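Trainee: Structure in structure tokens, see below.
The values are calculated or read from the model by the stated rules, or taken from the named source; none is laboratory data. Small disclaimer: the values here were computed from a predicted structure and weren't measured. In this analysis, Cβ positions are derived from the backbone assuming ideal geometry, glycine residues included, and neighbour counts consider all displayed protein chains.
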Amino acid sequence: MLMNMKQNLSVEEALEMVLQEARPRQTIEHLPLAASYGAVLGEDLISKVHHPSADDTSVDGYACLEADTRSASLGNPVRLRVIGQSPAGKPFSGRIGRGEAVQVFTGAPIPPGADAVIRVEDTLREGEFVWLMKPASATDIRRKGDDLVEGQTYLRKGDLLTPGRVGLAAAMGYATLPVVKRPRVGILSTGDEVVEPGEALPYGGVYNSNSYSLAGLVVEAGGEPVILPKISDSVEGLRTQLQRAGQLDLLLTSGGVSMGEYDIVRRMLEREGEIHFWKVRMQPGGPLLFATWNGLPLLGLPGNPVSAMVTFLLFGRPLLFKLLGRTDPPLSRRRAIADTPFEANPTRRAYRRAVLRWTEEGYRVATTGNQSSAVLRSMAVGNALVVLEAGVSAQPGEIVEVIPFPGTT
Ligand SMILES: Nc1nc2c(c(=O)[nH]1)N[C@H]1C(S)=C(S)[C@@H](COP(=O)(O)OP(=O)(O)OC[C@H]3O[C@@H](n4cnc5c(N)ncnc54)[C@H](O)[C@@H]3O)O[C@H]1N2
Ligand code: MOO
């Protein structure tokens, strides 16, 4: 098996292989509007209604006939008889004739017969009459269907449900939304030195941070994290653990992929899985492994806390987007002026942790300091990765390519 696998791929080659193995999910569930924020729409949505549902007024004032009011001015106001009121939600049922007006409130339908509206501040009320200081016009009338036309598609399968889109779906008349069921992503941290937070830390031990940083990244990408408990050190133990986890769509392991002794994940994959590639020309994250086990895609993330997070962002996040059928790009890019030097790796593309900020001259970016893959603080303090091609460092003042962390800048 190891003989067939590819090694030392470029980031682009590796990403292509990962995406080839991702089969978009078809399972749809219906969520109430209020619970659907952040989910991915599973079907196109057509509007069930026109919005506005009728011609209505965008101002508080009086609806009337434009022809009656043409001569109105401050010095020569026009007087109309007020025959009723039309608050929003309680439309006026009669018809407006010559010399008449109906008091209307923002959002109320324009009564039949009227073709113009005058704002209340351009009028003076006197009992059953209203004086107009200027002509009424149609500009403050919102036309039926200006925003939404019944039967038209406004949201598409694959759209991330942002607050604006959830609001739009509500305006279109939907109480529940068909969304793609969140892929279940197993997270398995390996390593004898790894101890659960809350337990006493033995000499040489390290708290398990990867399971929790990865769970957050999975949620952020639209998946459902399933943190698997540590396993007994045998292929059988691992298999039992995975079977107990129930149906998974992706498995993330952390640790045990560098040059050390083969760990049990590797041993299991060699025996009963397929390793597609091992090692990518990037830093951090060089020892990344990608495999399939029993039809389950498996990303073997390096154990170093920064490497695990960066490889998830660059490969796991796009893979989850494809499983979800999400159509927005998994990562965005910016150009920024470097405020500090950024050091290249001589042979691999480097992803340096940095703080990106907006200034009057545009984006500027500074290093978070120590760039060791073991310094997890850099991922907490930083909000972006500076991308440097092999051998190409950057000096202050130079323009660099930056990938903001999702959900930040
Ligand atoms: N001789 C070589 N050694 C190493 C190489 C190499 O090319 N030659 N590559 C280095 C690189 S790069 C990386 S990255 C790491 C990856 O190692 P593994 O994936 O095998 O991970 P481990 O050895 O198990 O752990 C590495 C490091 O991370 C800590 N760790 C592991 N799991 C967790 C966790 N769940 N939470 C927090 N921290 C974790 C672990 O204690 C180690 O310090 O290999 C280099 N070595
Ligand atoms: O490639 Mo490793 O992830 O730098 O420590």
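Listed here are the residues, each with its yes/no results for (1) more than 30 Å from ALA101 (Cβ to Cβ); (2) crowded, with 18+ Cβ neighbours inside 10 Å; (3) more than 32 Å from the chain's Cα centre (by Cα).
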{"residue": "TRP131", "(1), (2), (3)": "no, no, yes"}
{"residue": "THR139", "(1), (2), (3)": "no, no, yes"}
{"residue": "LEU160", "(1), (2), (3)": "yes, no, no"}
{"residue": "TYR174", "(1), (2), (3)": "yes, yes, no"}
{"residue": "VAL180", "(1), (2), (3)": "yes, yes, no"}
{"residue": "PRO183", "(1), (2), (3)": "yes, yes, no"}
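Trainee: Run down LEU168, LEU188 and say which single residue is aliphatic (A, V, I, L, M), surrounded by 22 or more Cβ atoms within 10 Å (Cβ to Cβ) and either outside any loop (DSSP other than H, G, I, E, B) or near ligand 1 (Cβ under 9 Å from one of its atoms) (or both).
Mentor: LEU188
Residue-by-condition table, conditions (1) at pLDDT below 95; (2) closer than 16 Å to PHE129 by Cα; (3) basic (Lys, Arg); (4) surrounded by 21 or more Cβ atoms within 10 Å (Cβ to Cβ):
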| position | (1), (2), (3), (4) |
| --- | --- |
| ARG70 | no, no, yes, no |
| LEU80 | no, yes, no, yes |
| ILE83 | no, yes, no, no |
| GLY89 | yes, no, no, no |
| PHE92 | yes, no, no, yes |
| GLY99 | no, yes, no, no |
| ALA116 | no, no, no, yes |
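Trainee: Determine if segment 309-330 includes at least one residue that is within 15 Å of ligand 2 (Cβ to nearest atom), among the polar types (S, T, N, Q) and under 28 Å from VAL195 (Cβ atoms).
Mentor: Yes, segment 309-330 contains at least one residue that is within 15 Å of ligand 2 (Cβ to nearest atom), among the polar types (S, T, N, Q) and under 28 Å from VAL195 (Cβ atoms).
Trainee: Out of segment 358-384, which residues are assigned to a strand (DSSP E or B) and either farther than 16 Å from GLU401 by Cβ or assigned by TED's automatic domain parsing to the domain that holds LEU314 (or both)?
Mentor: TRP358, THR359
Trainee: Answer yes if at least one residue in segment 286-306 is surrounded by fewer than 23 Cβ atoms within 10 Å (Cβ to Cβ), small (Gly, Ala, Ser) and within 14 Å of SER373 (Cβ to Cβ), and no otherwise.
Mentor: yes
Trainee: Another question, then. Quick one: in segment 371-407, of everything that is closer than 21 Å to GLY222 by Cα and away from ligand 1 (no atom under 16 Å from the Cβ), which residue is modelled with the lowest pLDDT?
Mentor: That would be GLY407.
Trainee: Out of segment 26-82, which residues are within 19 Å of ARG95 (Cβ to Cβ) and touching a helix residue (DSSP H, G or I) at 6+ places or on another chain (Cβ under 8 Å)?
Mentor: Correct list: GLY61, TYR62, LEU80.
Trainee: Under 7 Å between Cβ atoms, at least 6 apart or on separate chains: pull out the pairs that start in segment 265-286 with a residue that is within 18 Å of PRO297 (Cβ to Cβ) and in a strand (DSSP E or B) and end on any residue that is more than 9 Å from ligand 2 (Cβ to nearest atom) and modelled with pLDDT under 85.
Mentor: GLU274/MET1; ILE275/MET1; ILE275/LEU2; ILE275/MET5; ILE275/LEU269; HIS276/MET5; PHE277/MET5; TRP278/MET5
Trainee: Inside segment 288-324, can you point out the residues that are under 14 Å from ASP249 (Cβ atoms), outside any helix (DSSP H, G or I), away from ligand 1 (no atom under 13 Å from the Cβ) and not polar (S, T, N, Q)?
Mentor: If the condition is that a residue be under 14 Å from ASP249 (Cβ atoms), outside any helix (DSSP H, G or I), away from ligand 1 (no atom under 13 Å from the Cβ) and not polar (S, T, N, Q), then TRP293, GLY295, LEU296, PRO297, LEU298 are the ones that fit.
Trainee: For segment 240-252, does any single residue satisfy the condition of being within 11 Å of ligand 2 (Cβ to nearest atom) and surrounded by 16 or more Cβ atoms within 10 Å (Cβ to Cβ)?
Mentor: no
Trainee: Residue check, ARG182 against (1) in a strand (DSSP E or B); (2) basic (Lys, Arg); (3) touching a strand residue (DSSP E or B) at 6+ places or on another chain (Cβ under 7 Å), all met but one. Which one?
Mentor: (1)
Trainee: Residues that are within 24 Å of the chain's Cα centre (by Cα), among the small types (Gly, Ala, Ser), assigned to a helix (DSSP H, G or I) and crowded, with 21+ Cβ neighbours inside 10 Å: does segment 343-355 have at least one?
Mentor: No, there is no match, as no residue in segment 343-355 is within 24 Å of the chain's Cα centre (by Cα), among the small types (Gly, Ala, Ser), assigned to a helix (DSSP H, G or I) and crowded, with 21+ Cβ neighbours inside 10 Å.
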